[in-house]
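See below for the structure under consideration.
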Amino acid sequence: MKKETRIAIGVGIILVCLLVLGLTLKGSVVPYITVSELKSGDYMGKYIQVNGTVVEGSVEWHPKDVLLIFRLTDGKETVNVSYNGSIPNNFQEGKMVVVGGTYEDGLFKADEILVKCPSKYAGEVE
């Protein structure tokens, strides 16, 4: 086999691998949006991540059902969130969180909650 033929076959195999990898990764990307984007977009039934702040006075914990209910806001819009599972460490009213799950009939059904920690490197706001 000629050297040029082997190089062409090698390049072809690499291109096919890159194409398959690209298509695989495209399907696994999860949108990361705000509450306002959730309310204004077409996200019904799709798995997404929503960033916001837990509304003061909105947290309800039902230990018998291991159910956490709260409201999430971005300062403009608010959405009701339900989560089946134990309360994450550092979860509090007024804290920034990211919830992952699906939005159906005005309720965001979360299957994960990540509490965002304030950065020690952030500058002071005057």
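Tabulated results
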read-out	value
Single residue of region 94-112 satisfying the filter (over 15 Å from MET44 (Cβ atoms) and touching a residue at least 40 places away in the same chain (Cβ under 8 Å)) that is surrounded by the fewest Cβ atoms within 10 Å (Cβ to Cβ)	GLY94
Looking only at region 44-93, and only at residues there that are surrounded by fewer than 12 Cβ atoms within 10 Å (Cβ to Cβ) and touching an Asp or Glu at 6+ places or on another chain (Cβ under 9 Å), the one that is farthest from ILE33 (Cα to Cα)	GLY57
Single unsatisfied condition, GLU56 versus (1) in a loop (DSSP other than H, G, I, E, B); (2) without any contact (Cβ under 8 Å) to a residue 24 or more places away in the chain; (3) among the acidic types (Asp, Glu)	(2)
Test result for GLY101, of a type outside the set (Phe, Trp, Tyr), farther than 19 Å from CYS117 by Cα and not in a strand (DSSP E or B)	no
Which numbered condition LYS64 fails, given (1) assigned to a strand (DSSP E or B); (2) more than 17 Å from the chain's Cα centre (by Cα)	(1)
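Read-outs throughout are calculated quantities, based only on the coordinates presented, and are distinct from any laboratory measurement. The structure presented is a predicted model; accordingly, all values stated were derived computationally and were not measured. Methodologically, a virtual Cβ is constructed for each residue, glycine included, from the backbone with ideal geometry; neighbour enumeration extends over all protein chains shown.
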